[in-house]
Amino acid sequence: MEQNKDLNQIDIPLAKRIYINNSHSTLFKKLLIFSPFLLLLFSYAALRLIKNIEQIPFINLNFQAEKNQDNRILGHLPYAEIPKEKLVLIEPNIEVHIDMRDSLLNMRKEARKDGIYLVFLSGYRSINLQKEIFYSLKSFRNQEAAERARVSAPPGYSEHSTGFAIDIGDATQRETDFETEFQNTDAFNWLIKNAAKFHFKLSFTKDNKYIDYEPWHWRYEGSIEALKVFESSNRKS
Ligand SMILES: [Zn+2]
């Protein structure tokens with residue numbers, strides 16, 4: 001009996017239909033109309049945000065890479081100056097690293113046997129001399145530093161300061177000294193075929209993206225020290 005009484009007292013709610021009142025419904029309609037535009041606005045904002053987030057570390061990374069990878073200045077890699085005691089005079093005004101002397105002289109001797117007369121134009125150059133060359137020629141030729149750097153290394157950035165670089169000419173065609181035309185000489189053709197046997201390599205080839213083609217400029221890579229010096233350059237090219 002007690003239970004029935006309780007049941008009777010429970011108020012069972014009737015199903016109610018709830019109508020959205022008028023003001024709510026117009027707002028909903030408006031939202032529906034504007035939703036494509038809102039979506040577009042949000043997408044645009046999101047894209048901008050993603051782009052910004054991506055860009056910041058990308059710029060930093062790039063900058064870091066340029067700084068760390070090779071420390072190039074105007075396309076040239078830095079080279080330390082060789083200690084004086086490692087330099088030897090091979091002929092008046094031409095000094096080279098002692099490690100490369102024999103190989104270099106041997107190469108000239110072998111070339112002569114083939115009727116080719118190699119002439120050494122420039123070997124070791126001190127950073128001070130490089131400074132003179134770079135700045136005096138730059139002002140003489142009225143060139144910008146970047147322009148000049150395509151044909152001459154800034155001081156502290158020349159392979160010549162390592163003692164492992166040598167500029168070579170053809171003794172029978174001296175007008176091609178330090179000229180791209182050197183590539184048409186017999187000396188150059190002989191070097192292309194034979195220099196590697198003596199551990200010499202053309203430093204600035206035609207496809208070098210930083211520095212102009214220098215068919216006369218060769219470097220020695222026949223010792224561990226030389227390989228260490230040019231490791232960074234070989235990694236890039
Ligand atoms: Zn050179």
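The values are calculated or read from the model by the stated rules, or taken from the named source; none is laboratory data. Just so you know, these numbers come straight off a predicted model, no measurement behind them. Glycine also receives a Cβ, built like all others from the backbone with ideal geometry; neighbour counts cover every protein chain displayed.
Within region 203-237, take every residue that is β-branched (Val, Ile, Thr) and touching a residue at least 60 places away in the same chain (Cβ under 8 Å) and give me the one that is nearest to the ligand (Cβ to nearest atom). Working first, answer last.
Pass one, region 203-237, residues β-branched (Val, Ile, Thr): 205, 211, 224, 229.
Now narrow it down to the ones that are touching a residue at least 60 places away in the same chain (Cβ under 8 Å): 211, 229.
Working: Ile211: 10, Val229: 15 Å.
Ranking the candidates gives Ile211 first.
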Next on the checklist: Quick check on Thr172: is it assigned to a loop (DSSP other than H, G, I, E, B), in contact (Cβ under 8 Å) with a residue 24 or more places away in the chain and over 26 Å from the mean Cα position of the chain (by Cα)?
Outcome noted: yes
Item to check | Unique residue being on the phi < 0 side of the Ramachandran plot, touching a Lys or Arg at 6+ places or on another chain (Cβ under 7 Å), among the small types (Gly, Ala, Ser) and in the same structural domain as Val229 (by TED's automatic domain parsing) when the list is Ser161, Ser103 | outcome: Ser161
Next on the checklist: What are the pairs with Cβ atoms under 7 angstrom where one residue, in region 121-146, is at pLDDT below 90 and among the aromatic types (Phe, Trp, Tyr) and the other, located anywhere, is away from the ligand (no atom under 11 Å from the Cβ) and not in a helix (DSSP H, G or I)? Sequence gap at least six, or different chains.
Outcome noted: Phe134/Pro154; Phe134/Pro155
Checklist entry - Among Thr172, Thr180, which is within 16 Å of the ligand (Cβ to nearest atom) and surrounded by fewer than 15 Cβ atoms within 10 Å (Cβ to Cβ)? => result Thr180
Checklist entry - What number of residues in region 122-140 are under 19 Å from Tyr213 (Cα atoms) and either of a type in the set (Ser, Thr, Tyr) or surrounded by fewer than 17 Cβ atoms within 10 Å (Cβ to Cβ) (or both)? => result 2
